[in-house]
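Each reported figure results from applying straightforward, stated rules to the coordinates on display, with no laboratory input. Given the structure is predicted, the values throughout are model-derived calculations rather than measurements. Please note: Cβ atoms are built from the backbone with ideal geometry, for glycine as well, and neighbour counts cover all protein chains shown.
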Amino acid sequence: MRVPLDPSSAPATGAVRANLAEQVYARLKAELNDFQLVPGDRFSEAELGQRLGVSRTPVREALFKLRNEGFLDVEAKTGWSVRPIDFGRLEQLYDLRVILELAAVAKLCAHTGAPSPELESLKAIWLVPAAERLSDAREVGQLDEAFHATLVRAAGNAEMARVHWDVTEQIRIIRHLDFTRGHRIEATYAEHAKILRAVMQRKVDQAQLLLRSHVEQSKAEVRKITLATLHEARERSAAGR
């Protein structure tokens, strides 16, 4: 059962609408990333407002924001729909991600001081015995995002980190799909541990080779996606809720 959004936290009318629009946006973005909404799904503003318990104005604001980000389409007669996945664009985003992360690893390995606290924090998550590893796909997926974001952020270039996070937002649905396969969870722990050790030992060539291979594995999943795959992921997600 979905809980209606709560506008009570905002103090004034304008703030209420802005707050609600952000809540609707966040809810729909999560539903896209969790396969509750998949390419081809259609809905109207009225239907969505009724489901979420909010008025049409914040719903419309959230929908247009998602359209501008490339997730939705709208037509006057048919209403809103989830846009088909642009595989060519996803591959380009993965290429950009690799460039950013390789550059970050090079900077980290060139650093001569003590490892940053951010890198140290990753050890407690990824350098753990097998018995202590998490198995929940959602949790591991979030930690995977945080691992790569932390590597880039620790390199000390705020603009690089910002662009990297923008890329992360665009490819999140594919990364989540990757973690619906059980073997990828174990592989991610093993691969992250190797990358982290190489970075902390300042073995730049090894760290970059491991990182490239790790990201390319995720990128390869893009080529395997079909609409049936996404519907299967939706069924698994629904069964797990």
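Results, tabulated for the structure shown:
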| quantity | calculated |
| --- | --- |
| Kirkwood hydrodynamic radius of the chain, from inverse mean 1/r over distinct Cα pairs, in Å | 19.6 Å |
| Helix 117-126 axis, angle to the chain major axis (alpha carbon atoms, nearest 10°) | 80 degrees |
| Under-18-angstrom lysine pairs by C-alpha in the chain, whenever the two are 8 or more apart or on separate chains | 6 |
| Relative compactness, the range 190-231, computed as alpha-carbon Rg over 2.2 N^0.38 Å | 1.54 |
| log₁₀ of I(q)/I(0) at q = 0.17, 0.21 Å⁻¹ - the range 87-224, Debye sum with one point per alpha carbon | -0.90, -1.40 |
| For peptides 80-92, 139-151, sequence by mean Cβ density within 10 Å, most packed first | 139-151, 80-92 |
| Helix-only CD estimate at 222 nm, as mean residue ellipticity for the chain, using -39500 (n - 2.57) per DSSP H run (n ≥ 4) | -23000 deg cm²/dmol |
| Hull shadow area, averaged, the range 7-82 [alpha-carbon convex hull, nm²] | 5.0 nm² |
| Euclidean distance between Cα centres, the range 20-78 to the range 81-125, Å | 29 Å |
| In degrees, nearest ten, helix 204-222 long axis to first principal axis of the chain (Cα) | 30 degrees |
